Amino acid sequence: MCGIVGAIAQRDVAEILLEGLRRLEYRGYDSAGLAVVSEPGQLQRLRRLGKVQALADAMIGPLAGGTGIAHTRWATHGEPSERNAHPHVSADSLAVVHNGIIENHQELKTALEQDGYRFSSDTDTEVIAHMVHKARQTGLSLFAAVRATAKQLRGAYGTVVLDSEEPDKLVVARSGSPLVIGLGIGENFIASDSLALLPVTRQFIYLEEGDVAEITRNTVYIEDARGNPVERPAQESTASYDAGNKGGYRHFMLKEIYDQPQAVRNALESRLAEDHVLDQAFGTQAGDVFARVKHVQIVACGTSYHSAMVARYWLESLAGISCSVEIASEYRYRKPVVLPDSLLVTISQSGETADTLAALRMARHLGYLATLAVCNVGASSLVRESDLAFMTRAGVEIGVASTKAFTTQLVGLAILVLALGQHNDINPLLLTEMVGALKSLPEQLEETLTLAPDIEKLAEEFADKHHTLFLGRGDQYPIAMEGALKLKEISYIHAEAYAAGELKHGPLALIDEDMPIVVIAPNNELLEKLKSNVEEVRARGGILYVFADRDAQFASDETMRVINLPHTHPWMAPVVYTLPLQLLSYYVAIIKGTDVDQPRNLAKSVTVE
């Protein structure tokens with residue numbers, strides 16, 4: 001799974017395909033390939049392990065042909081290798097690229113082998129190629145063969161099929177993995193992300209769940225999941241691709257804050273089925289490992305450590321699995337006792353964080369069941385050296401203060417919690433509820449970002465402050481820690497976070513009118529307890545800044561400023577409530593005139609001890 005590009009035109013499309021792949025490199029991948037119909041009945045395929053540039057360098061001469069497909073792969077089934085790279089072919093005439101995971105691929109493969117098909121890769125994708133070819137042998141058109149095949153697939157997939165015997169068309173099918181059709185003049189395109197096609201079109205048709213479409217140079221024909229012909233509206237994109245461009249925002253950090261709804265969509269893509277999550281999103285052997293896990297040890301640094309702390313609440317409450325969390329620089333210098341059947345999870349945006357890498361390498365000798373990396377960079381050391389991996393797909397993050405890398409880590413960890421829960425008797429109704437909550441996250445983040453003007457005004461009251469206290473309870477306590485870290489990083493205001501229940505054990509001594517108190521108040525089972533903590537602050541003359549669920553019944557007055565957030569599923573609140581704290585820190589930093597994107601003394605990737 002990773003990036004898909006396809007094109008059908010009267011001109012050669014190889015360079016269009018390559019440029020589309022380059023624009024999808026931010027997602028992380030291990031190999032790349034393309035296939036082009038050079039003339040009727042003749043299919044040319046080229047694949048390389050490594051970067052897209054390696055694929056481009058392998059094209060010694062021009063690869064002629066007006067119909068083609070291309071792919072960047074991040075391994076789920078089968079190791080990273082040229083033989084496992086997409087496209088996959090059947091009978092040297094039919095080629096397939098595919099994002100997602102086919103859950104029933106093994107039983108389909110067994111049946112195909114009994115019919116005489118031979119497999120040249122270890123992937124689930126090759127099953128699709130042979131199934132479509134088999135259906136074509138019964139006399140079905142390419143479109144009908146793809147539709148018949150799609151009905152037999154379980155899991156998540158976005159797939160594009162090319163047949164050199166019908167070179168004037170591409171056929172695509174979508175279930176759980178996005179595909180978008182780009183409209184040109186006398187040419188049309190397909191991709192997993194519209195950013196890949198911006199050099200050739202701004203007009204896009206977004207396919208819906210269950211759609212199967214046939215694309216020619218001049219037509220687009222779509223059938224829905226029930227086989228009915230449908231028309232999907234074309235939409236004009238105003239998106240900007242350049243990851244090195246602020247896209248009209250004042251700072252990279254602000255752009256990356258607003259990137260988060262799409263970043264979360266990318267993180268969820270092809271990882272969720274209707275009522276469960278897909279184990280294979282973490283690697284080929286993930287299901288076997290998860291079935292044995294009795295304990296999880298998470299090791300991370302900085303912002304990643306805060307995401308780990310949230311995961312601890314989720315793991316024990318939702319999955320019923322014990323969890324320990326430790327700062328990597330501490331973990332690596334002691335002699336930890338590893339519990340039986342423990343999974344080591346490391347978290348890093350860059351995958352090159354020195355202390356986290358050292359902890360992983362030390363853990364190899366400690367008897368862990370397996371190691372799993374949650375990371376944004378597919379070619380990083382952390383990913384390469386771990387048994388399993390979850391790619392967060394946050395995209396390039398330029399600002400030193402992490403924003404979208406953090407929220408996509410939370411999403412990845414939520415998926416991990418549910419994946420482990422599936423093997424530990426999680427209530428099926430709860431599992432379905434959580435999958436639905438994850439799917440609704442991008443829209444809730446978009447709604448939360450509309451509060452930016454109110455937060456910008458609120459930030460003015462922090463301009464002359466030197467200290468700030470952040471309070472949260474339960475899984476919002478780590479979010480309070482993350483909010484305090486952001487304020488420290490970019491505004492240079494001293495900020496600390498406390499579990500709200502700890503106020504009476506010391507921090508109340510700090511409360512006065514010059515100490516802003518930021519409170520995170522979702523509408524969960526700890527709300528009434530939190531309200532009591534708020535009253536403790538008010539009784540001592542503190543000024544409160546409360547980010548609250550709109551149903552939590554907080555009201556602004558002379559001692560309390562309230563920002564009402566959209567009602568959010570309690571388990572997803574840590575992700576949603578992160579955004580207003582990021583915005584608060586950003587606007588305070590603007591007022592104080594600091595270097596938002598490159599705060600003093602800090603680096604984006606900490607690759608030294």
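The values are calculated or read from the model by the stated rules, or taken from the named source; none is laboratory data. All of these numbers come straight from a predicted model, not from anything done at the bench. As a convention, Cβ positions derive from the backbone with ideal geometry for all residues, glycine included, and neighbour counts pool all protein chains shown.
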| field | Scope the range 219-261; condition among the β-branched types (Val, Ile, Thr) and at pLDDT 90 or above; matching residues | value | Thr219, Val220, Ile222, Val230, Ile257
| said: Looking for something touching a Leu at 6+ places or on another chain (Cβ under 6 Å), within 15 Å of Ile69 (Cβ to Cβ) and outside any loop (DSSP other than H, G, I, E, B) - is there at least one such residue anywhere in the range 21-29? | reply: no
| field | Number of the condition not met by Leu530 [criteria: (1) part of a loop (DSSP other than H, G, I, E, B); (2) modelled with pLDDT under 80; (3) within 30 Å of Lys439 (Cβ to Cβ)] | value | (1)
| field | Filter result for Glu126 (among the acidic types (Asp, Glu) and assigned to a helix (DSSP H, G or I)) | value | yes
| message | Just to check your reading of the model, which residue among Glu433, Glu443 is surrounded by fewer than 20 Cβ atoms within 10 Å (Cβ to Cβ) and either closer than 30 Å to Leu544 by Cβ or β-branched (Val, Ile, Thr) (or both)? | response | Glu443
| Which one is surrounded by the fewest Cβ atoms within 10 Å (Cβ to Cβ) among residues in the range 292-310 that are over 19 Å from Ala359 (Cα atoms) and in contact with a helix residue (DSSP H, G or I) (Cβ under 9 Å, 6 or more places away or on another chain)? | Val293
| Applying the selection to the range 382-394, what residues are surrounded by fewer than 21 Cβ atoms within 10 Å (Cβ to Cβ) and not basic (Lys, Arg)? | Glu385, Asp387
| Of all residues in the range 49-93 being β-branched (Val, Ile, Thr) and over 22 Å from Val127 (Cβ atoms), which is nearest to the chain's Cα centre (by Cα)? | Val52
| request: Scan the range 168-206 for residues that are at pLDDT 90 or above, surrounded by fewer than 22 Cβ atoms within 10 Å (Cβ to Cβ) and either over 16 Å from Pro233 (Cα atoms) or under 20 Å from the mean Cα position of the chain (by Cα) (or both) and report the count. | output: 8
| Within the range 98-123, how many residues turn out to be part of a loop (DSSP other than H, G, I, E, B) and more than 19 Å from Tyr29 (Cα to Cα)? | 8
| Any idea which of Asp551, Asp557 is out of contact with any strand residue (DSSP E or B) (no Cβ under 6 Å at 6 or more places or on another chain), under 25 Å from Pro507 (Cα atoms), of a type in the set (D, E, K, R) and surrounded by fewer than 23 Cβ atoms within 10 Å (Cβ to Cβ)? | Asp557
| Every residue from the range 166-200 that is in contact with a helix residue (DSSP H, G or I) (Cβ under 7 Å, 6 or more places away or on another chain), assigned to a strand (DSSP E or B), closer than 24 Å to Glu39 by Cα and of a type in the set (Val, Ile, Thr) | Val171
| field | Residue list for the range 560-586, filter: within 24 Å of Val537 (Cβ to Cβ), surrounded by fewer than 23 Cβ atoms within 10 Å (Cβ to Cβ), more than 22 Å from the chain's Cα centre (by Cα) and of a type outside the set (A, V, I, L, M, F, W, C) | value | Arg561, Asn564
| query | Of (1) within 24 Å of Gly186 (Cα to Cα); (2) surrounded by fewer than 20 Cβ atoms within 10 Å (Cβ to Cβ); (3) in contact with a strand residue (DSSP E or B) (Cβ under 9 Å, 6 or more places away or on another chain); (4) modelled with pLDDT of 90 or more, Glu15 satisfies all except one. Which? | reply | (3)
| request: Specify which of the listed residues (Leu469, Leu503) is over 14 Å from Ala589 (Cα atoms), without any contact (Cβ under 8 Å) to a residue 60 or more places away in the chain, part of a helix (DSSP H, G or I) and not hydroxyl-bearing (Ser, Thr, Tyr). | output: Leu503
| note | Considering the range 325-337, residues that are more than 24 Å from the chain's Cα centre (by Cα) and surrounded by 15 or more Cβ atoms within 10 Å (Cβ to Cβ), and then whichever is modelled with the lowest pLDDT, we arrive at Arg332
| In the range 558-609, the residues that are among the polar types (S, T, N, Q), modelled with pLDDT of 90 or more, more than 18 Å from Phe252 (Cα to Cα) and assigned to a loop (DSSP other than H, G, I, E, B) | Thr568
| note | Counting only residues in the range 136-165 that are over 21 Å from Pro229 (Cα atoms) and touching a helix residue (DSSP H, G or I) at 6+ places or on another chain (Cβ under 6 Å), the one surrounded by the fewest Cβ atoms within 10 Å (Cβ to Cβ) is identified as Arg136
| request: Go through the range 271-291 and give me each residue that's assigned to a loop (DSSP other than H, G, I, E, B) and out of contact with any helix residue (DSSP H, G or I) (no Cβ under 7 Å at 6 or more places or on another chain). | output: Ala273, Glu274, Leu278, Gly283, Thr284, Gln285, Ala291
| note | Among Ile426, Ile415, Ile398, the single one that is more than 26 Å from Tyr586 (Cα to Cα) and in a loop (DSSP other than H, G, I, E, B) is Ile426
